[in-house]
Amino acid sequence: MSGVEQGALGRPDERVEGWDKVAGRARYAYEQPVPALYVHPVLSTVARGRVLAVDTGPARASAGVEAVLTHENAERLADTSDAEFAVLQGPHIGFCGQIVAAVVARTPEEARRGADLVQVREYAEEHDVVLGPGHPRLYCPDELNAYPEADTRQGDPAAALERAPVVLDRTYRTPMEHNNPMEPHACTVLWEEGTGGGSLTVYDSTQGVHPVRESLAQVLGLHAEQVRVVSEHVGGGFGSKGSPHAHNVVAALAARAVPGRWVKLALTRQQMFTLVGHRTPTIQRVRLGAARDGVLSAVVHDVEEHTSTVKEFAEQSAVCTRMMYAAPHRRTTHRLAALDVPIPFWMRAPGETPGMFALESALDELACELAMDPIVLRERNEPDLDPETGAPWSDRRLVQCLHEGARRFGWAGRDGRARSRREGEWWVGTGVASAVYPHFVNPGSEVEIVHGQGVYTVSIGAADIGTGARTVLGQIAADALSVPAERVRVRIGDTALPPATVAGGSAGTSSWGSAVVAAARALREEHGSEPGEGARARAGTPEDAVAPGYSVYSFGAHFVEARVHADTGEVRVPRMYGLFSVGRVLNPRLARSQLVGGMVMGLSMALHEHTVMDARLGHVVNHDLAQYHVAAHADVQQVEAEWLEGADVRATPMGSRGVGEIGIVGAAAAVANAAHHATGVRVRNLPLTPDRFLVGPRE
Amino acid sequence: MEATIILHVDGVRRELTVDTRTTLLDALRDRSGEYSPKKGCDHGQCGACTVLVGGRRILSCLALAVACDGDEVTTAAGLAGGEDGPHPLSRAFVEHDAFQCGYCTPGQVCSGVGVLAELEAGMPSHAAAHPGDPVEATDAEIRERMSGNLCRCGAYPAIVAAVREVAR
């Protein structure tokens, strides 16, 4: 596969929509300038049970209310096989905060007032929302998110642990967490009756317009051609907008109840805590068997997580352990308990993010136990081949990230003993952790390029969720066509354009960009270097975009300085440095923003994020941004991301791999490891709130 | 109950009839089609709705529209598209790539412009080591003052760099 010519790629172009965003002119889903009715959902208040009766009288009599949808009067859906989308189809309540009614009214205030007036009588059954160790409902899922095997085993880990001179056996916990993109999930929807059975137009805030179209068409019993989904700008997603959710269905039902009139639905921040996914809490037991020189003989990673009773989502938390370090004897397991909780879903690097917190904390603990530098320990367990598959790495360079990162961070001369550095009222420490993220290229995207008056218009229904897709796809096209970027126009975010796979799995640019290259080559092959007016070519993501026979992952090394206040336990992080092996960086300005953003979210995970479920009432207690803390300006000091030069032409024709998620992976472990180095207190239970450090040093 | 009010939004006079429960944010977005200020939480917890009223930053989701009758409201659209060209902070945001998804950005820009004015006026903040210390545009000051504006994409380092550049 020949590489794409250097030109626009590698150049730090500004975002093409930058000024629109800075001015607030970029239009998000709710902001379509159309006269509309407003939809406000009514949510269940019990965690398990059923709706006994809904009195809609007072709501219907309230000013401005046009319709009240309940499970008794809402349209029957054509396909309810995905229970998340079976909204208002029956009285069953599967979690607290499920949609049990919706009010359609002339203004947002009237819709909200109407929703307050809907009287829902609920019957509460006993519920269980708390994942504890060894939960009686644990079961082995048939498959994990994106991975077929829930359990894997190589060699004889039990015997190897028995024989190992040094054994570390630790349990780590990560809490339930919420994505909380800044733009609440929203849609603006129109149902028009007419020839062809009618048509549905949806402006949605989504990571994939085509996946939304597929789901809505299926649920409503429409042909895909009857549904158009548009998503010009997306105010973040981090996974939660990777699929439609119940509110999309409610908005569509509301629109179909008032044909010919637009309806708008924006979830409130509170509603987002139950309706658009979250990261499961995890309980992870990690066992390492090692020789005195640090060489691992056994790695065992057993994970317990929750899912909902409504729909299964199995986070793949231990898959990183299958390939990260060499050890002849290894085992990973995943067990789920289906609880009466909202439906978990993707949150930035699902699997790797919680899993690498556990694995990289355990590595640090082992290094402490062996009085060994944690970088040396990792280097000693560096596998020449992927230990899971035996395949060669396409471009690993983890050790280089660790060594070069250590040099740039200033790791040399570190006193490895915990609690060895005090500056005034602060204990000071440094920590390291590795990062990993798999490389995915999803099949199914197509790109059309049309030439007109010297301008090449590149069309694909891709999503720009803040990644810079609109910009970088133009750069890819410019180089693939050998024209200046000014002569390329990119159209995305609309199902009227050729199909695109979801912006998820750090696979957007890889999947869509490969199709851009293929379409550019097709255009040149079919029309030459001087194409006529209207010359066009179309191509899909090639099946051989990833070279077969290689194990393709991105890697990285995080370095963190942490300060822990000796009296209050407050943790501050003055410095984070990440060095990554991500293949060729196509636009350094945009890639840096994504990597730094991932690290900031990892810092946020380390220090703050924690969704609290009320065991007695079964609801999310801290369901807003005043109580669910995310990192703010004051938390984030020096955060730098860099990368190793090079290109991985085995990964994509551009030589690039994804950069959207690797920044978060391992970051929390690096913070916790640094805090341990500072204080001698090992926190195995995120987040690192001050109380955890007020117990004195312990191992 | 409804009331008729006048708002001067980015220099344009607007007469609006609003439900008296309507916030300034909803009056701008749902009644005027001025979507530059964003709704991230509707509770004053995220800062996405920040606008300048009479030159000072406020959370428009916590202000009732009727309480702003007659006020001069400046949004990020007004800052980016002013008669004298874009505000230097708008430009600095683009150059520093101080955003990704862009949803918190108009609020960050308005808040940043408010911060610049507060620093200029010597208004104190929690970041000062001692009360009465002179106010300077240090990173700690900027971070403290900008902390009401959340950014889930994690563009904070670039946002602080943009504000710092314009402050100096």
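The values are calculated or read from the model by the stated rules, or taken from the named source; none is laboratory data. Note that this is a predicted model, so its numbers are computed, not measured. So basically every Cβ, Gly included, is an ideal-geometry build from the backbone, and we count neighbours across all protein chains shown.
Figures for the structure shown
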{"read-out": "Elements of type strands (runs of 3 or more DSSP E) in region A:275-375, at least 1 residues being within 21 Å of the chain's Cα centre (by Cα) and of a type in the set (Asp, Glu)", "value": "A:296-308"}
{"read-out": "Test: residue in region A:669-677 that is surrounded by fewer than 24 Cβ atoms within 10 Å (Cβ to Cβ), over 14 Å from A:Gly602 (Cα atoms) and in the same structural domain as A:Asp340 (by TED's automatic domain parsing)", "value": "no"}
{"read-out": "Checking A:Glu642 against (1) among the acidic types (Asp, Glu); (2) in a strand (DSSP E or B); (3) buried (at least 23 other Cβ atoms within 10 Å of the Cβ), the condition it does not meet", "value": "(3)"}
{"read-out": "Any strands (runs of 3 or more DSSP E) falling wholly within region A:41-150 and containing at least 1 residues that are within 18 Å of A:Ser308 (Cα to Cα) and in contact (Cβ under 8 Å) with a residue 40 or more places away in the chain", "value": "A:49-55, A:99-105, A:119-124"}
{"read-out": "Scope region A:193-234; condition among the acidic types (Asp, Glu) and more than 14 Å from chain B (Cβ to nearest Cβ); matching residues", "value": "A:Glu193, A:Asp204, A:Glu214, A:Glu225"}
{"read-out": "Within region B:19-35, tally of residues that are more than 18 Å from A:Glu110 (Cβ to Cβ), touching a helix residue (DSSP H, G or I) at 6+ places or on another chain (Cβ under 6 Å) and within 7 Å of chain A (Cβ to nearest Cβ)", "value": "1"}
{"read-out": "Verdict on A:Glu609 being more than 9 Å from chain B (Cβ to nearest Cβ) and touching a Pro at 6+ places or on another chain (Cβ under 8 Å)", "value": "yes"}
{"read-out": "Qualifying residue in region A:7-23 (condition: away from every other protein chain (no Cβ under 14 Å), touching a residue at least 40 places away in the same chain (Cβ under 8 Å), in a loop (DSSP other than H, G, I, E, B) and in contact with a Leu (Cβ under 6 Å, 6 or more places away or on another chain))", "value": "yes"}
{"read-out": "Only one of A:Leu265, A:Leu253 that is in contact with a Leu (Cβ under 9 Å, 6 or more places away or on another chain) and either touching a residue at least 60 places away in the same chain (Cβ under 8 Å) or away from every other protein chain (no Cβ under 14 Å) (or both)", "value": "A:Leu253"}
{"read-out": "Where a residue in region B:108-136 is among the hydroxyl-bearing types (Ser, Thr, Tyr) and its partner, wherever it lies, is in a helix (DSSP H, G or I), with Cβ under 7 Å and at least six apart", "value": "B:Ser111/B:Met146; B:Ser125/B:Glu141; B:Ser125/B:Glu144; B:Ser125/B:Arg145"}
{"read-out": "Filtered residue count, region A:336-395, keeping only those that are of a type in the set (S, T, N, Q) and closer than 23 Å to A:Leu686 by Cβ", "value": "2"}
{"read-out": "Filter pass, A:Leu52 being surrounded by fewer than 23 Cβ atoms within 10 Å (Cβ to Cβ), under 30 Å from B:Val18 (Cβ atoms) and modelled with pLDDT of 95 or more", "value": "no"}
{"read-out": "Selection from region A:24-61 of residues that are away from every other protein chain (no Cβ under 13 Å) and either more than 23 Å from A:Gln98 (Cβ to Cβ) or among the basic types (Lys, Arg) (or both)", "value": "A:Arg48, A:Arg50, A:Arg60, A:Ala61"}
{"read-out": "Subset of region A:439-462 [touching a Gly at 6+ places or on another chain (Cβ under 8 Å) and closer than 30 Å to A:Trp393 by Cα]", "value": "A:His439, A:Phe440, A:Asn442, A:Pro443, A:Gly444, A:Ser445, A:Glu446, A:Val447, A:Ala462"}
{"read-out": "Meets criteria (within 14 Å of A:Thr652 (Cβ to Cβ), more than 21 Å from the chain's Cα centre (by Cα) and modelled with pLDDT of 95 or more) for A:Tyr550", "value": "yes"}
{"read-out": "Set A:Ala562, A:Ala545, A:Ala591, A:Ala557: member being crowded, with 21+ Cβ neighbours inside 10 Å, within 14 Å of chain B (Cβ to nearest Cβ) and within 25 Å of A:Gly660 (Cα to Cα)", "value": "A:Ala591"}
{"read-out": "Which numbered condition A:Ala462 fails, given (1) touching a residue at least 60 places away in the same chain (Cβ under 8 Å); (2) buried (at least 19 other Cβ atoms within 10 Å of the Cβ); (3) outside any helix (DSSP H, G or I); (4) out of contact with any Asp or Glu (no Cβ under 9 Å at 6 or more places or on another chain)", "value": "(1)"}
{"read-out": "Qualifying positions in region A:476-502 - polar (S, T, N, Q) and over 21 Å from A:Thr188 (Cα atoms)", "value": "A:Ser482, A:Thr501"}
{"read-out": "Unmet requirement for B:Gly44, which otherwise passes all of (1) under 20 Å from A:Glu109 (Cβ atoms); (2) more than 13 Å from the chain's Cα centre (by Cα); (3) surrounded by fewer than 23 Cβ atoms within 10 Å (Cβ to Cβ); (4) within 11 Å of chain A (Cβ to nearest Cβ)", "value": "(2)"}
{"read-out": "Only listed residue being outside the structural domain of A:Val582 (by TED's automatic domain parsing) and touching a Pro at 6+ places or on another chain (Cβ under 9 Å), chosen from A:Val483, A:Val450, A:Val458, A:Val502", "value": "A:Val502"}
{"read-out": "Number of the exception - A:Val571 against (1) within 14 Å of chain B (Cβ to nearest Cβ); (2) touching a strand residue (DSSP E or B) at 6+ places or on another chain (Cβ under 8 Å)", "value": "(1)"}
{"read-out": "Residues of region A:434-455 satisfying the condition of being within 20 Å of the chain's Cα centre (by Cα) and either at pLDDT below 95 or not polar (S, T, N, Q) (or both)", "value": "A:Ala435, A:Val436, A:Tyr437, A:Pro438, A:His439, A:Phe440, A:Val441, A:Pro443"}
{"read-out": "Considering residues of region A:399-415 that are assigned to a loop (DSSP other than H, G, I, E, B) and surrounded by 13 or more Cβ atoms within 10 Å (Cβ to Cβ) only, the residue farthest from the chain's Cα centre (by Cα)", "value": "A:Arg414"}
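Rundown of residues vs (1) in a strand (DSSP E or B); (2) in contact with a Phe, Trp or Tyr (Cβ under 7 Å, 6 or more places away or on another chain); (3) more than 25 Å from A:Leu595 (Cα to Cα), yes/no style:
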residue	(1), (2), (3)
A:Ala435	yes, yes, no
A:Asn442	no, no, no
A:His451	yes, no, yes
A:Tyr456	yes, no, yes
A:Gly466	no, no, no
A:Val472	no, no, no
A:Ala480	no, no, yes
A:Val483	no, yes, yes
